[in-house]
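In what follows, a structure is listed as structure tokens, so that the remarks can point back to it.
Derivation of every value follows stated rules applied to the coordinates shown; laboratory data play no part. These numbers come from a predicted model, not from an experiment. We place every Cβ from the backbone using ideal geometry, glycine too, and count neighbours over all the protein chains shown.
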Amino acid sequence: MLLSNFEYIPLRLVRKFLVPEGLARRAARFLPFYLAPQGRISPRPIVDRYESALRGEGGSVAGKQILEVGTGGSNGTAYELAARGARIVTALEPYVGLEEAMDSEQLRSVAASAGVDPSAIAGRTSRITSLDAVPPGSIDLVLSHSVLEHVLDPAAFLSALAGRLASGGSMVHVVDYRDHFFKYPYHFLQFSRSSWDRFLNPGDLPRWRLGDHLSICDRLGLAVEVLQSTEDRSAFARIAPYLSRDFRREDPTLAVLTAVLRMRRRETS
């Protein structure tokens, strides 16, 4: 058994049973090894990452009708996308309510950086709580940041998103496959599915690996490219002897910590 489990397991138990998700978001800076969502700090790095991925594919957010999924407590990323030339941006957030003070501050900050009136940005953005509000075939670009790793049914989720894509549209998902107690990026791979879900899972961390998402895309008929990925081979080597049998040791993607995935519907002849 890893000695670090004497620290990791008690903290995981506290996180599951004593610290609900809403409190965790608000008090992130006080929780050991837990990071506040980037969108609460600044939307700019998130949109920088989207644009970096799109540039590598010869694309851009400019002129696009965009759906961003899992925007969080503010529409900050939607404002940043609009400021960078997106035609229309819809922010989908079914679980987290709008925090008006943070939202207003981020709108002011984005507008000031772009040198435009806040109303010019806000007028091209909207916030919705259900994908039902998005007509099929209406979206040029679907974006998400640190969302796909939390989705309990990724097949249904990706299928529904793909149905909203216009002809030639695509999706970019920035996925964080780490254990979200970030000091221990692979520790959650030690536990059986039943033990994890019963005692340690905070409720939104199903432990998908990159290989799971690639397999799901293949079944759905989605062409997927891994544009970027990161690993920590030394940290993975330390945890490898303790991997749960629920994970396939021969899976070449098991050590992937973060990835940027570009998805498109496959062309049919």
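Listed from fewest to most Cβ neighbours within 10 Å, the set 8, 79 follows the order 8, 79.
Taken along its principal axes, the alpha carbon cloud of the chain reaches lengths of 56, 51, 32 Å, longest axis first. The range 1-17 and the range 95-110 have Cα centres separated by 34 Å.
For the range 71-130, the square roots a ≥ b ≥ c of the C-alpha gyration tensor eigenvalues yield an a/c of 1.5 or more together with a/b not exceeding b/c, which makes the shape oblate. Taking Cα centre as origin and charging only the Cβ of basic (Lys, Arg, +1) and acidic (Asp, Glu, -1) residues, the dipole magnitude of the chain rounds to 380 debye. Take every DSSP beta bridge whose two residues both sit in the chain; close to 45 percent of them are antiparallel. For the chain, find the longest principal axis of its Cα atoms and tell me its angle to the long axis of helix 100-114, 0 to 90°, nearest 10. The angle comes out at about 60 degrees.
Just want the ordering: 179, 153, from fewest to most Cβ atoms lying within 10 Å of their own Cβ.
Numbers: 179 22, 153 11.
Fewest to most other Cβ atoms nearby, the residues stand as 153, 179.
Once both labels are positioned 7 Å from their Cα atoms along Cα-to-Cβ, the gap between residue 105 and residue 152 label points is 3.3 nm. Among 137-149, 85-97, 226-238, sorting by the average number of other beta carbon atoms lying within 10 angstrom of each residue, highest first, gives 137-149, 85-97, 226-238.
Give the relative contact order (percent, whole number) for the chain; include only Cα pairs under 8 Å separated by 6+ residues.
Details: 436 pairs, mean separation 48.9, N = 269.
Rounded, it is 18 percent for the chain.
Computed with the Debye formula from one identical point scatterer per Cα of the range 166-269, without solvent, the log10 of I(q)/I(0) at q = 0.16, 0.17, 0.19, 0.20 Å⁻¹ comes to -0.75, -0.83, -0.98, -1.06. The slack in the chain from residue 230 to residue 57, taken as 0.36 nm per residue of separation less the alpha-carbon distance, amounts to 60.4 nm.
Overall, the anisotropy analysis places the range 42-105 in the prolate class: the square-rooted eigenvalues a ≥ b ≥ c of its C-alpha gyration tensor yield a/c not less than 1.5, with a/b exceeding b/c.
Pairwise Cα distances in the range 129-182 exceed 18 Å in 36 percent of cases.
Taking the fewest neighbouring Cβ atoms within 10 Å as the starting point, the ordered list for 100, 7 is 100, 7.
Principal axis analysis of the Cα atoms in the range 69-169 yields extents of 40, 28, 20 Å, listed in decreasing size.
Once the Cα atoms are used to define both axes, helix 210-220 deviates from the longest principal axis of the chain by about 50 degrees.
In this label model, residue 237 and residue 223 are separated by 3.8 nm, measuring between points 7 Å along each Cα→Cβ vector. Relative contact order of the range 135-232: 31 percent, from C-alpha pairs under 8 Å at least 6 residues apart in sequence.
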